[in-house]
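Data first, discussion second: the structure below is written as structure tokens.
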Amino acid sequence: MSTRARAVFVAGAGTEIGKTYVTASLTRALRRRGNDISTLKPLASGVPPFGEPSFRESDTAILLEAQGLAVTPETVEACSPWRFLAPLGPDLAAAREGRSLHLCDLVGWCEDRIQDADPETILVFEGVGGLMSPVTAAATGLDWLRALALPTILVSGSYLGAISHALTAAETLRCHGQTLLGVVVCESLGAPTSPETVAAAIARHVPAPVHCIARDGECPEALVRLV
């Protein structure tokens, strides 16, 4: 019997579509269910320096609070070891700071977290940007996900064009042999149609469950059961 901890990857069909909101909501729901949970965002751009008031609004701080963890230099480093100030793709943000990142280091860090975790722990890795966004000078988010080969939850918005973006990302995962656990349509403020309408359209074309979540809503129980 395997003693490897369970892990899932939360990927986005695009940028700024609610990926962290969904990841935090899922984390809280898993904790309420009694699971030991470790939620990690190894790469994070647009992160203010620790200690500034705006740091509390960063993705890293949001995910730590969802886990019930104090936001300290130690917990921040453990959740997001590669943090960049500029609100750009990690490759560009790193270059702006004279830093570099290699895919092997990123993948190795994630693999170490999985290997070191208690077998009863569920690890949730949140990606950065969209599925095909560059994460290093040479690699995309898809390369990162393929190297880890983790089952994936795909997050979409409900904005105009979201259906095409979600289906393109789902098809990309399928073509590269990745397991799609489910799709989550996160409400886009000001969208011309409801998240339910977008989800219904996506569901007609993907062989995985499709769920909705409002920006002030709770994580659907059906989504929690997928993990």
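The values are calculated or read from the model by the stated rules, or taken from the named source; none is laboratory data. Quick caveat: nothing in here was measured; it's all calculated off a predicted structure. Because the Cβ atoms are built from the backbone with ideal geometry, glycine has one as well, and the counts that use them run over all protein chains shown. Keep in mind that these areas ignore ligands, DNA and RNA; they rest on the heavy atoms of the full protein, side chains included. Shrake-Rupley method; radii C 1.70, N 1.55, O 1.52, S 1.80 Å.
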Unique residue being part of a loop (DSSP other than H, G, I, E, B), touching a residue at least 40 places away in the same chain (Cβ under 8 Å) and either open to solvent by 20 Å² or more (accessible area, probe 1.4 Å) or in contact with a Ser or Thr (Cβ under 8 Å, 6 or more places away or on another chain) (or both) when the list is Gly51, Gly14, Gly34, Gly68: Gly14
Single condition Ser80 does not satisfy, out of (1) touching a residue at least 40 places away in the same chain (Cβ under 8 Å); (2) polar (S, T, N, Q); (3) open to solvent by 80 Å² or more (accessible area, probe 1.4 Å): (3)
Leu101 more than 16 Å from the chain's Cα centre (by Cα) and surrounded by 19 or more Cβ atoms within 10 Å (Cβ to Cβ): yes
Residue count for the stretch 104-139, restricted to those that are outside any loop (DSSP other than H, G, I, E, B), open to solvent by 30 Å² or more (accessible area, probe 1.4 Å), farther than 24 Å from Glu16 by Cβ and in contact with a Ser or Thr (Cβ under 8 Å, 6 or more places away or on another chain): 1
Asp91 vs. criteria modelled with pLDDT of 95 or more, among the acidic types (Asp, Glu) and either open to solvent by 10 Å² or more (accessible area, probe 1.4 Å) or part of a loop (DSSP other than H, G, I, E, B) (or both): no
